[in-house]
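Worksheet: one structure, shown below.
Each value in this text was obtained by applying a stated rule to the coordinates, not by laboratory testing. The model shown is predicted, which means the values in this text are computed figures rather than measured ones. Heads up, the Cβs are rebuilt from the backbone with ideal geometry, glycines too, and the neighbour counts pull from every protein chain shown.
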Amino acid sequence: MVGITFAVAWTPCVGPILGATLALASTAGEVGRGTFLLMSYAAGLALPFFLSALAMNSFFQFSQNLRRYLQAIHIIGGVLLIIVGILLITDYMTFLNIYALRFTPNWLLQKL
C-alpha cells in the first residue's frame with residue numbers, strides 16, 4: 001500500500017521531468033549526449049531510493065521523533081500552500097521566477 005500511494009503521489013512530479021528529459025535526449029543530435037541525459041535522470045531517480053534503503057532503520061527512528069512536530073509541520077505546509085496560491089492568482093510567481101533567475105549561474109542557462 002505504501003508503494004502504491006507513493007507511486008500515485010509522485011507521478012505528477014516525475015512525469016513532466018521525464019517528458020522534458022526524453023524531449024531533450026531525442027533532440028540532442030548525438031547519441032552520447034542523449035544517453036548522458038537519460039543516465040543522469042535514472043541516477044537522480046535511483047539515488048534517493050538507494051540511500052533510503054541504506055538508512056531505513058535510522059529513518060524509522062527519525063520518524064518517531066518527528067511525530068511530536070507533525071501538527072506544526074502540517075500548519076506550516078498549509079500556510080505555504082496558501083501563500084503559493086496567492087502568488088499564482090496575483091501573478092507574482094512570475095515576478096519571483098524572474099528575480100530568482102538573476103541568481104542562476106550562466107552555465108545552467110546555456111543550451112545543452
Exercise. What does the highest-first list of 18-29, 83-94 look like by mean Cβ count within 10 Å?
Worked result: 18-29, 83-94
Exercise. In the chain, which helices (entire DSSP H runs) extend 27 Å or more along their own long axis, judged by Cα positions, while averaging at least 1.6 on the Kyte-Doolittle scale?
Worked result: 70-89
Exercise. For the chain, treating each Cα as an identical point scatterer without solvent, what Debye log10 I(q)/I(0) comes out at q = 0.11, 0.20 1/Å?
Worked result: -0.65, -1.24
Seminar exercise, completed: One can check that the equivalent ellipsoid of the stretch 57-112, built from the alpha-carbon gyration tensor with semi-axes equal to the square roots of five times its eigenvalues, has lengths in Å, largest first, of 33, 21, 7
